[in-house]
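A quick write-up on the structure given underneath.
The values are calculated or read from the model by the stated rules, or taken from the named source; none is laboratory data. All values derive from a computational prediction rather than experimental measurement. Note: ideal-geometry Cβ built from the backbone for every residue, glycine included; neighbour counts use all protein chains shown.
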Amino acid sequence: MKPDAAALEAARDRTIPDVLPEPGEPLDVLFCGINPSLYSAATGHHFARPGNRFWPALHRSGFTPRQLAPAEQAELARYGLGITNVAPRATAQAAELSAAELREGGARLLALVEKRRPRFVAIAGVTAYRTAFARPRTAIGPQDEALGPARLWILPNPSGLNAHWTVHGLAEAFRELKEAVGDL
């Protein structure tokens, strides 16, 4: 059910739980968004806002055998995938986050990676990554440095507000990561 304007406003500053396989189960890729949208916080599902291209790109790149709906996010665990966010607080736009929130979120992400030990961390949003980890020259794609024990990959932000990237372009960027991960 689509949240109305009151439900969206009520979702401001909420957090939503990470989607992770059970402890001890494989975690090949931990996808990391910038922060939940109000729509995601209202529904409790990551990348839930209509127009977000995460789910189509994930499928078209070969990570999932069919396109999952945001409400099916728990299915990701069976493919060794998870989702978290750099900053946990829901906002209407990522621009509402402070640099301090992004840096705190980067520290939280590193702690999660140390604890859950994914093979790869894929951060969907280069600008947020640059701020959170003080890496102003970072570009999209694989990174030379790791994030804790994980290989680090930066993906384009799949938000519909990021008009520079089409679904096709996003799927290609995700596919490069999928090829690096290998057969899940």
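Brief remarks on what is shown
- Listed by first and then second residue, the pairs linking a residue in the range 100-111 that is farther than 19 Å from V19 by Cβ to a residue that is surrounded by fewer than 19 Cβ atoms within 10 Å (Cβ to Cβ) and not aromatic (F, W, Y), with Cβ atoms under 7 Å apart and 6 or more places separating them unless they lie on different chains, are E101/R89.
- Residue match in the range 21-34 (condition: over 18 Å from A132 (Cβ atoms), part of a strand (DSSP E or B) and either at pLDDT 95 or above or out of contact with any helix residue (DSSP H, G or I) (no Cβ under 6 Å at 6 or more places or on another chain) (or both)): yes
- When every residue of the range 130-138 is checked against the conditions, at least one turns out to be part of a helix (DSSP H, G or I), over 15 Å from R60 (Cβ atoms) and among the polar types (S, T, N, Q).
- Filtering the range 54-102 to residues that are in a helix (DSSP H, G or I) and surrounded by fewer than 16 Cβ atoms within 10 Å (Cβ to Cβ) leaves A71, E72, A74, E75, R78, A95, E96, A99, A100.
- Selection over the range 141-155 of residues that are in a strand (DSSP E or B) and surrounded by 13 or more Cβ atoms within 10 Å (Cβ to Cβ) gives a count of 10.
- For G51, the conditions (1) assigned to a helix (DSSP H, G or I); (2) of a type in the set (G, A, S); (3) modelled with pLDDT under 95 all hold with the exception of (1).
- Checking the stated criteria, L81 turns out not to satisfy the condition of being in contact with a strand residue (DSSP E or B) (Cβ under 9 Å, 6 or more places away or on another chain), within 17 Å of V126 (Cα to Cα) and of a type in the set (A, V, I, L, M).
- Leading residue by the ranking (farthest from the chain's Cα centre (by Cα)) among those in the range 123-148 that are among the aliphatic types (A, V, I, L, M) and within 17 Å of L102 (Cβ to Cβ): A134
- Count of the range 156-170 residues which are part of a helix (DSSP H, G or I), surrounded by fewer than 21 Cβ atoms within 10 Å (Cβ to Cβ) and either free of Cβ contacts under 8 Å to residues at least 12 places away in the same chain or of a type outside the set (V, I, T) (or both): 2
- Criterion violated by D183 - all others in (1) out of contact with any helix residue (DSSP H, G or I) (no Cβ under 8 Å at 6 or more places or on another chain); (2) closer than 21 Å to P26 by Cα; (3) modelled with pLDDT of 95 or more; (4) not in a helix (DSSP H, G or I) satisfied: (3)
- Check on R137, surrounded by 14 or more Cβ atoms within 10 Å (Cβ to Cβ), among the charged types (D, E, K, R), in contact with a helix residue (DSSP H, G or I) (Cβ under 9 Å, 6 or more places away or on another chain) and more than 21 Å from F47 (Cβ to Cβ): no
- For the range 17-38, the set of residues classified as farther than 22 Å from I154 by Cα and touching a residue at least 40 places away in the same chain (Cβ under 8 Å) consists of E22, P23, E25, L38, listed by residue number.
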